[in-house]
1. Based on what the data block shows, is Ser92 at pLDDT below 80 and either surrounded by 12 or more Cβ atoms within 10 Å (Cβ to Cβ) or in contact with a Cys (Cβ under 6 Å, 6 or more places away or on another chain) (or both)?
2. What pairs can you find where one residue is in the stretch 40-56 and modelled with pLDDT under 90, the other is hydrophobic (A, V, I, L, M, F, W, C) and part of a loop (DSSP other than H, G, I, E, B), and their Cβ atoms are less than 7 Å apart, with a gap of 6+ or different chains?
3. Using beta carbons and a limit of 8 Å, which pairs, at least six apart or on different chains, have the first residue in the stretch 108-132 and in contact (Cβ under 8 Å) with a residue 40 or more places away in the chain and among the aromatic types (Phe, Trp, Tyr) and the second one assigned to a helix (DSSP H, G or I) and crowded, with 23+ Cβ neighbours inside 10 Å?
4. Select from the stretch 57-74 the residues that are surrounded by 14 or more Cβ atoms within 10 Å (Cβ to Cβ) and either more than 16 Å from Gly167 (Cβ to Cβ) or among the aliphatic types (A, V, I, L, M) (or both) and list them in ascending order.
5. How many residues are closer than 19 Å to Ala146 by Cβ and at pLDDT below 90 if we restrict to the stretch 10-33?
6. Quick check on Ser180: is it surrounded by fewer than 20 Cβ atoms within 10 Å (Cβ to Cβ) and not in a helix (DSSP H, G or I)?
7. One residue is enough: does the stretch 127-137 have a residue meeting the conditions assigned to a helix (DSSP H, G or I), under 27 Å from Asn26 (Cβ atoms) and out of contact with any strand residue (DSSP E or B) (no Cβ under 6 Å at 6 or more places or on another chain)?
Amino acid sequence: MPRERRELATFEALAVVALAFIPLGNVPVALPLLVVATLSRYLRGRSWAEVAGGGFERAAIGAAAGGLALALAIVAGTPVLESMGAWPIEWSQVPIVRGNALAAVLAIMVVAGTSIAMELALRGWIVERVLELWPGSPGLPVLAGALAEALLTPRELPARLGAALFGAGLGWMYCAAGRSVVAPALARMTFQVGAVTLEALRVIG
């Protein structure tokens, strides 16, 4: 039977903080984060199937939301965030794809996989864990997921702020979709794959 295992909460929080500061080289942070999340759910008698429900409608809504978020980020978000500091904003983190079709295809495959892993960990574990420990309003769980998103973003302050805002939107989507990662995962995947594609086509960079 599922168990809360409140005694694990401190170790779970420390694991997220550690992953934010431990150099991982070329390993996406989503992978070790997913390992920790899977272990946490296993120790609590929980399975990923519990947060993976939903059909085509949720997937379509998530994809549409991700596309809209990317458009807003490029058109409106970039000028605002860049005005806050001297850092350029890059919505994609793989500049090697510019003009390179093979690199773009490989990057898209990696991005798609890490998008799913990241949403399973951030929404299916962190947001879900806070909902489990402090049931009630989704405000605190959504905020926890957004803060984790910002913490795990290895960039300057404007990028972290953008990540937090994006994470808050995905957290709200997770709760509104009946605690399913399908919609937020498709939103993240559409956003990030779209950014890689636009960078490969030299539309952004």
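The values are calculated or read from the model by the stated rules, or taken from the named source; none is laboratory data. As the structure is a prediction and not an experimental result, all values here were calculated from the model. Virtual Cβ from ideal backbone geometry, glycine too; neighbours counted across all protein chains shown.
1. Here the answer is yes, as Ser92 does meet what is asked.
2. Ala52/Val181; Gly54/Ala177
3. Close Cβ pairs satisfying both conditions: Trp125/Ala37.
4. As a first pass, look at the stretch 57-74 and keep what is surrounded by 14 or more Cβ atoms within 10 Å (Cβ to Cβ): 58-59, 61-67, 69-70, 73-74.
Listed by number, the residues that qualify are Arg58, Ala59, Ile61, Ala63, Ala64, Ala65, Gly67, Ala69, Leu70, Ala73, Ile74.
5. Adding up the residues that qualify gives 0.
6. Details: surrounded by fewer than 20 Cβ atoms within 10 Å (Cβ to Cβ): no; not in a helix (DSSP H, G or I): yes.
Spelling it out, it is not the case that Ser180 is surrounded by fewer than 20 Cβ atoms within 10 Å (Cβ to Cβ) and not in a helix (DSSP H, G or I).
7. Taking the stretch 127-137 and keeping what is assigned to a helix (DSSP H, G or I), we get 127-133.
Subsequent filtering for residues that are under 27 Å from Asn26 (Cβ atoms) retains none.
No.
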